[in-house]
């Protein structure tokens, strides 16, 4: 077959590996549990076995363009070294890039998972649809990840930590974040934050039958008109609007993409998000589209992600094609 | 003589024009009042007469590399069109670039004044001293201007409005800004904001003899130990720290430069600025220098500007050398 690239999506729960053509068509995929408890060596071996299997299935090493890996942060980039990943205990200071290259004998590009997802949205999602190749993507999941793409390439900054907009302070002296700061966007717009905000909602039957609320069950309650749940998503939108006002005023990008599991509740948080963004950024007011839900050329567009949960895996496979930008 | 470039610094009060060699040595300068009341035609003519005089003095049109103009915003860039400049009444929608090029018959690069100052700090100020060519500069003057330089070039964004960090919301629902939003950094860290905060300080003798406080007289009172004046500068530092935490987490640049007249009071606001930055950004905590006042390679450095009030003029002359980055 034609040339192909392999992406690895390293999650705290699942390890996913897939091959893609240069048109971003998937040619094979392997999913397995991430054996965190067995240590880095076991996980690295699982990655390499899957890569080798896919290479053999897809035509052999001569057709392999490269291997890209999206990993939870924080990472030192482009060196590809894990720092202190909260979801991968025992993986501190792991030299992901070097270890994989030594095992595979091919070049490996390591990237933060949120940056990989943003790269995929740029080249095969909302960026491709809109024709814009500069964007910032916020991924609303367990945390709030974020990636900045400038003219088709990931913006790294000087230490590979560019685009950590999930840790921008939206409310001064607000809620304490796991990062140690207060008022971070992540504490208001992540699935975790939504579930926490809903923990006091009295509800006989919830998603997991245990009386515990999740971001999804709160969205369902909100959609059914439950006032406190509606209020929680109103707050998600407000925090996102403040964070976006920051980004719009600082970066002046043509496109901001909201992804991650929480984006399924777009209709619940989008109204307060756009209201707050309009209130908070005169640049947005100067450049807002006639209808915020409809892409408009030459304006500041904020749109839901198009690719869904596979964007990180596809973005990882794109890494060998697009060299990152560092300062 | 050797090749030279001409910079124009268009201010609401003064119009300054100077020639510089490609080593950024000044070769001649003309300063005149900006005849705002006589309209755009008069000001354009003053600019062109000064440019022609300097060209003749410096060796003739064959040695002229180009003309750069730094202007108050907001501007549409790279088109070089003024939008609605609050300090230049009657200049709305003026096509600065086109009008100057028609009159001078040479290429003219127009840039926002804060971006021009940032470019000068990059290539001849704190950026050159540190060896870093990616930075964000905040200029604390009548307002808070800001410019982002990535790898030696001005970051424009898609409409030329990149780097408006003076209008990042630092306090949600804070003070009303002239831009129409609330809580903008400009409302806490500009000379205007400092003077307003000090207007209730009872003081028999002040800088202008009229009992009106200025940012400078408040700084003098603070330096003499006056408690309310000290508190005002503490607040300047806190707002700057929140704004910088935003920028550090979003951009991960190696260098942030604080300029403008207010920076003379660095020792009054720097302690609370660094304290708040450290509190507000885990990326800063991961990458802070051992001593925040001393440049350290591979760290996040926040330093006072080196060039003083001429940086906008020099930066304007640099514009023909460094093409801006757009999305």
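Some notes on this structure:
- Each other copy holds its own label point for residue B:86; taking that point as 7 Å from Cα along Cα to Cβ, the gaps run 3.9 nm, nearest first.
- At an R0 of 51 angstrom, the distance between the Cβ atoms of residue A:223 and residue B:57 translates into a FRET efficiency of 0.10.
- Near-label residues of segment A:109-129 by backbone N, under 20 Å of a point 7 Å along Cα→Cβ of residue A:2: A:120-125, A:128-129
- Convex hull per residue volume in Å³, alpha carbons only, for segment A:131-306: 122 Å³
- Taking every DSSP helix (H) stretch of at least 4 residues in chain B, weighting each as -39,500 (n - 2.57) and dividing the sum by the residue count yields a mean residue ellipticity at 222 nm of -11000 deg cm²/dmol.
- Each copy carries a label point for residue A:180 at 7 Å from Cα along the beta-carbon vector; from one copy to the others these points are 4.1 nm apart, nearest first.
- Mean-square fluctuations from a GNM of chain A, with a 10 angstrom spring cutoff on Cα atoms, peak among A:238, A:111, A:92 at A:92.
- Using the Cβ-Cβ distance between residue A:106 and residue A:31 with R0 set to 22 Å, the FRET efficiency works out to roughly 0.55.
- Per-copy distances of the residue A:61 label point, shortest first, in nm (7 angstrom along Cα→Cβ): 6.4
- Coordinate range along principal axes, alpha carbons of chain A, Å, largest first: 57, 49, 33
- Percentage, to the nearest whole number, of Cα pairs in the protein assembly as shown over 43 Å apart: 27 percent
No lab work stands behind these numbers, since they all come straight from the coordinates. Keep in mind the model is a prediction, meaning the values are calculated, not measured. All Cβ positions, glycine included, derive from the backbone under ideal geometry; neighbour counts span all protein chains shown.
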